[in-house]
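Asks: Following this message is one structure expressed as structure tokens.
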């Protein structure tokens, strides 16, 4: 378990300042106090006073997503959620979710018997058994990247894929690219379908040509890129958009293997801006999702649903982070 | 100026309980304390302690919308915004907006010279001069029912028109209606365009026929209904959706003048659920917008933008409120 010193070390401040932050002393600034509390939540430090508060229970279900360490996609989303939950006096459990789990437990039953007043779901696939149950649940439920039609108890939170993909395509067009491909994430994922549609819409709006072959589905891992890179290059593609940064890392590795230079021969743009992006060679130009903010907005939406304010969807702006993996189109 | 007794009378509680709520005494419940504070905000009551807090300044610009009294559309939106703003320590000014005002003052300049850190805009028209300026402003700006593309400083908040219109059409179909029309709000309004598209999408999805003639534009006032009712009826329309409740009130008045019975001869469904809806004859079936929640979410989105969390859009669920103005289709 973390100590006050761990918090002090992380923030580079003294133990007595951390102590003041935790105890609500008036002689430190509100923003520093909040940072101390946020870090306490991240490191799992609790005081007797914190534990003594009356808390309602929430849970986060995670499927198809890595989240255990700070370099993984889900980590900051869960952290942002927990930081906001702490302020609103909720206790949060993180529960790994599998198809087997969903086959064994009904969603509503599981929530009720465990006393959870709401849930945040990360990474559900369209064919998941619980997805059908979310259509009629009366339990406040917020889903990242999944939209449940017409159920006022279910909210959707995500980043605007349409604006993100269009920003990237406009950026590439300004660099002279016309033949742009998309190696998408997995099928059976709402977010893959959304990014595919975003690609189609943007390419159409800008008068660029595309086909089934220029927008293959893959999976959200580096290995998924391998079979597609050579094929896209043979179609004359000069820039490859990727369903996430891991796929982009796979594209970079495959290009290296093929002796294809980035960005001289082909440009590559990722999606997410996970920590690894900046460390790739070349550093990855990518469409950033603010994952701490996604978590915080997820908690806000869930707390709203609990209070009968029926937020249907909240979308965040994506931001194009320009690094070295996209450059002028080859002649 | 309101007194403690005014708050007590409004809530039907004692003056001493109000006093406890205002002073944060520990022997009343948190929810009652919040209700007391919300009512103090609504009635404009302030204590010395409230006035003494350091406050940042926000403003609400209102155009093309009534908001002065509780029966008007904008009242609850502004109230919800102000109630949340109070909790987050913001001071709020409400400023009527006109085309003349926009021609005289640049948005950014006006905000800066008056020390406003953010604005909430209600009722802007698409051709408004400021709409162009919102595309590039760096000042946190949230718009009700208007979406600004690709500016991370601008957020959009509203109710999901697509789900609202589809709910109403499905409801009418279950009552046997096939010929459904829409008397829309004014042109040059994003929300009119959205509801028109929602009508087109839903009618298409359900295999129902429509044409330009079945979805005329009007204006968001009762008088706008008059020229369209007879025309729609002559096309065999048996159910009329309306761009808002005021138009629906106009449809009811015109039907009475023409001797057309509601809902026996024609069904009418409004949009908004303003207080007048329940008092019409027959009481209006309508698509409800939770206006207090719109205001609260507006403040949340604005406060997020101020803190560099770029909320792009937040949509609330509409709710179909069933009263007496829609019934089975005539044989």
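Any read-out appearing in this document is the output of simple, stated calculations on the displayed coordinates, not a laboratory observation. Values in this document were obtained by computation on a predicted structure and should not be read as measured data. In this analysis, Cβ positions are derived from the backbone assuming ideal geometry, glycine residues included, and neighbour counts consider all displayed protein chains.
Asks: Taking the beta-carbon count within 10 Å as an exposure proxy, list A:220, B:120 from fewest neighbours to most.
Replies: A:220, B:120
Asks: Give the average, rounded to an integer, of partner chain Cβ atoms located within 10 angstrom of each Cβ in A:176-187.
Replies: Values: counts 0, 0, 0, 0, 0, 0, 0, 0, 0, 0, 0, 0.
Averaged over the peptide's residues, the number is 0.
Asks: Another question, if that's okay. Between A:218, A:158, A:259, find the one with the highest GNM mean-square fluctuation for chain A; connect C-alpha pairs within less than 10 Å.
Replies: Greatest mean-square fluctuation among the candidates belongs to A:259.
Asks: What distance in nm separates the two pseudo spin-label positions at residue A:281 and residue B:230, each 7 Å out from Cα along the beta-carbon direction?
Replies: Label at residue A:281, label at residue B:230, 8.1 nm between them.
Asks: Right, something else. Between the alpha-carbon centers of region A:242-303 and region B:258-289, tell me the distance in whole angstrom.
Replies: 52 Å
Asks: For helix A:30-43, what angle does its Cα long axis make with the longest principal axis of chain A, in degrees from 0 to 90 and rounded to 10?
Replies: The angle comes out near 80 degrees.
Asks: Give the distance, in whole Å, between the Cα centre of region B:1-61 and the Cα centre of region A:203-220.
Replies: 57 Å
Asks: What 222 nm value per residue comes from the helices of chain A, counting each DSSP H run with n ≥ 4 as -39,500 (n - 2.57) and dividing by all residues, nearest 500 deg cm²/dmol?
Replies: Helix contribution divided over all residues of chain A: -12500 deg cm²/dmol.
Asks: Tell me, Kirkwood radius of chain B from alpha-carbon pair distances, in Å?
Replies: Result for chain B stands at 21.3 Å.
Asks: Right, something else. Which chain A residue comes nearest the axis with its C-beta when you rotate A onto B, and by how many angstrom?
Replies: Here the nearest residue and distance are A:314, 2.
Asks: For chain B, give the share of DSSP beta bridges that are antiparallel, in percent and rounded to the nearest 5; count only bridges with both residues there.
Replies: 10 percent
Asks: With the contact rule set at Cα under 8 Å and sequence spacing of 6 or more, what percent relative contact order holds for region A:1-52? Don't skip to the answer; put the middle values down first.
Replies: Working: 39 pairs, mean separation 19.6, N = 52.
In percent, rounded to a whole number, it is 38.
Asks: Measuring from a point 7 Å past the Cα of residue B:256 along Cα-to-C-beta, which residues in region B:268-299 have an amide N at less than 16 Å?
Replies: What the label zone holds, given the 16 Å backbone N cut-off, is B:268, B:276-285.
Asks: Hey, got the average number of other protein chain Cβ atoms within 10 angstrom for residues in A:88-98?
Replies: That average works out to 0.
Asks: What does DSSP give for the protein assembly as shown in terms of the percent of beta bridges that are antiparallel, rounded to the nearest 5?
Replies: Percent antiparallel among DSSP bridges in the protein assembly as shown is about 15.
Asks: In whole Å, how far is the Cα centre of region A:315-331 from that of region B:136-161?
Replies: Cα centroid of region A:315-331 versus Cα centroid of region B:136-161: 24 Å apart.
Asks: Sticking with this structure for a sec: Restricting to region A:208-331, what percent of DSSP beta bridges are antiparallel, rounded to 5? Before the final figure, lay out each step's value.
Replies: On the way: 3 of 10 bridges.
The answer is about 30 percent antiparallel.
Asks: To continue, here is another question. From the label point of residue A:34, set 7 Å along Cα to the beta carbon, how far off in nm is each other copy's matching point, shortest first?
Replies: 1.9
Asks: Something else about it: With an 8 Å cut-off on Cα pairs and a minimum separation of 6 or more residues, tell me the relative contact order of region B:161-290 in percent. Present the calculation step by step, with values, prior to reporting the outcome.
Replies: Details: 224 pairs, mean separation 31.5, N = 130.
RCO, region B:161-290: 24 percent.
Asks: So, R0 is 25 Å and r is the distance between the beta-carbons of residue A:187 and residue A:66; what FRET efficiency does that work out to, to 0.05?
Replies: So the FRET efficiency works out to roughly 0.80.
Asks: Taking each label point as 7 Å beyond Cα in the direction of the beta carbon, state the distances from residue A:282 to the same residue in the other copies, shortest first, in nm.
Replies: Ordered by increasing distance: 6.8 nm.
Asks: In peptide B:295-301, how many Cβ atoms from other protein chains are near each Cβ within 10 Å, on average?
Replies: Mean partner-chain Cβ count within 10 Å for B:295-301: 3.
Asks: Could you work out the relative contact order of chain B? I mean the mean sequence separation of Cα pairs under 8 Å and 6+ apart, divided by the number of residues, in percent. The partial results should precede the final answer.
Replies: Working: 642 pairs, mean separation 58.9, N = 331.
It comes to 18 percent, rounded to a whole number.
Asks: Could you tell me how many degrees, from 0 to 90 and to the nearest 10, lie between the Cα long axis of helix B:73-87 and the main elongation axis, the longest principal axis, of the Cα atoms of chain B?
Replies: 30 degrees
Asks: Given a 10 angstrom Cα cut-off, can you work out which residue in A:81, A:210, A:73 is the most mobile in a GNM of chain A?
Replies: Maximum fluctuation in the GNM of chain A, among the listed residues, is at A:210.
Asks: Now a separate question. Does region A:161-288 classify as rounded, prolate or oblate by the C-alpha gyration tensor (a ≥ b ≥ c root eigenvalues; a/c under 1.5 gives rounded; else a/b over b/c gives prolate, otherwise oblate)?
Replies: rounded
Asks: Cα gyration tensor of the protein assembly as shown, axes a ≥ b ≥ c as square roots of the eigenvalues: rounded (a/c below 1.5), prolate (a/b > b/c) or oblate? Don't skip to the answer; put the middle values down first.
Replies: Details: a/c = 1.65, a/b = 1.15, b/c = 1.43.
Since a/c reaches 1.5 but b/c is at least a/b, the shape of the protein assembly as shown is classed as oblate.
Asks: Tell me the distances, shortest first, between residue A:175 and the same position across the other copies, using label points 7 Å along Cα→Cβ, in nm to one decimal.
Replies: The answer, with the shortest distance listed first, is 5.7 nm.
Asks: I've got another one for you. According to a simple spin-label model (label point 7 Å from Cα along Cα-to-Cβ), what is the distance in nm between residue B:26 and residue B:178?
Replies: Each label point is offset 7 Å from its Cα along the Cβ direction, giving 7.0 nm.
Asks: With the cut-off at 1.5 for a/c, could you classify region A:189-248 from its C-alpha gyration tensor as rounded, prolate or oblate?
Replies: Since a/c reaches 1.5 but b/c is at least a/b, the shape of region A:189-248 is classed as oblate.
Asks: Taking all pairs of different Cα atoms in region B:1-51, averaging 1/r and flipping that mean, what Kirkwood radius in angstroms comes out?
Replies: 10.6 Å
Asks: Here's something else I'd like to know. Return B:29, A:16, B:186 ranked ascending by Cβ neighbour count within 10 Å, so the fewest neighbours appear first.
Replies: If I rank by nearby Cβ atoms, fewest first, I get B:29, A:16, B:186.
Asks: Continuing with this model, one more query. Which of B:114, B:167, B:244 moves the most in a Gaussian network model of chain B with Cα springs under 10 Å?
Replies: Maximum fluctuation in the GNM of chain B, among the listed residues, is at B:114.
Asks: Zone of residue A:151 (label point 7 Å along Cα→Cβ, backbone N under 19 Å): which residues in region B:163-184?
Replies: B:163-164, B:167
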